[in-house]
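So the structure is just underneath, and the comments pick up after that.
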Amino acid sequence: MSLQLQMLGTGSAFAKKYFNNNALLGDGSFTLLIDCGITAPLALHQLGKTFNDLDAVLITHIHGDHVGGLEELAFQMKYAYHRKMKLYIAEALRDVLWEHTLKGGLSQPGQITCLEDAFDVHTLQPGVPCRLSEQIELELIPNRHIPGKDSFSLYINGRIFYSADMTFDPGLLDKLVRERSCDTILHEVQLEGPGEVHTTLSELLSLPEPVQRMIRLMHYADNKDEFVGKTGEMTFLEQGHVYTL
Ligand SMILES: O=c1ccn([C@@H]2O[C@@H]3COP(=O)(O)O[C@H]3[C@H]2O)c(=O)[nH]1
Ligand SMILES: [Zn+2]
Ligand SMILES: [Zn+2]
């Protein structure tokens, strides 16, 4: 069963050539937006789409390049399209998203006073697969990104790993490939410098070649073209292209 992946953007948080690393994942009759960053409204517009073309949005963690477009999404759904967008979010992120990110802009006494007034909220528990559509099942995997902040990777249809933002975790990748039938890895990459809160290209290059061949790189800096041909067996995802997974 194949899925379609179209990256709204493939850029790092500070990239200017590329939009924020947000993705459209579709099964033909259902479209999920994975993360909705600051640039998501413009990126979607440039692909000739609107928020009304989406069925649901999922948030991996609370950083502007992953949640900064949610206020516009919620307002457009309420005042232009007159419906609520389904929001899939880890239970651990639910209150943080409202209290620390969205409340200031979205709240309107008597109209929008909580996250549920703005979205059709579906909370997810890590490790518990959730069926989003006939052909999309998704599980949250807690990852290490910013110490002390919750953040999650995604495991889709028991075979596709979507790292979101995370530090290098070769043990997790090895386990997914060896024990959980993983055949596709969509992985963030920091091309230069120490990883700190991300996974570096040199760390990914230490993985066995068969694992590298499963990896498509995303969340990269503006100088990505300098690294074409220097990524071992791994290839770059390009924003806007439609991939069949
Ligand atoms: O301890 C920290 C926290 C953050 N940052 C930067 O801020 C960005 C926030 O979005 P991001 O997670 O896509 O990328 C992060 C980094 O670029 C950092 O370098 N070190
Ligand atoms: Zn990011
Ligand atoms: Zn982040």
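See the values below:
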item: Unique match (being within 16 Å of ligand 3 (Cβ to nearest atom) and touching a residue at least 40 places away in the same chain (Cβ under 8 Å)) among Ile141, Ile146, Ile136, Ile156; result: Ile146
item: Set Leu3, Leu58, Leu25, Leu47: member being in contact with a Gly (Cβ under 8 Å, 6 or more places away or on another chain), in contact (Cβ under 8 Å) with a residue 60 or more places away in the chain and under 20 Å from Leu138 (Cα atoms); result: Leu3
item: Residue count for the stretch 56-89, restricted to those that are away from ligand 2 (no atom under 16 Å from the Cβ) and among the hydrophobic types (A, V, I, L, M, F, W, C); result: 9
item: Selected residue (only one of Ile62, Ile38 is within 14 Å of ligand 1 (Cβ to nearest atom) and under 18 Å from Lys149 (Cα atoms)); result: Ile62
item: Candidate set from the stretch 159-179 (those that are free of Cβ contacts under 8 Å to residues at least 40 places away in the same chain and over 19 Å from Val197 (Cα atoms)); member that is nearest to ligand 2 (Cβ to nearest atom); result: Leu176
item: Residue match in the stretch 87-95 (condition: within 16 Å of ligand 1 (Cβ to nearest atom) and either within 24 Å of Lys17 (Cα to Cα) or touching a strand residue (DSSP E or B) at 6+ places or on another chain (Cβ under 9 Å) (or both)); result: yes
item: Matching residues, the stretch 28-44, being within 15 Å of Ser133 (Cα to Cα), in contact (Cβ under 8 Å) with a residue 60 or more places away in the chain and not hydrophobic (A, V, I, L, M, F, W, C); result: Gly28, Ser29
item: Any chance Ile136 is surrounded by 14 or more Cβ atoms within 10 Å (Cβ to Cβ), within 27 Å of Leu42 (Cα to Cα), in contact with a Gly (Cβ under 9 Å, 6 or more places away or on another chain) and hydrophobic (A, V, I, L, M, F, W, C); result: yes
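Values quoted throughout were computed directly from the atomic coordinates according to the rules given, and no laboratory measurement underlies them. Since we're looking at a predicted model, the values are computed, not measured. Using ideal geometry, Cβ is built from the backbone for each residue, glycine included, and neighbour counts are taken over all protein chains shown.
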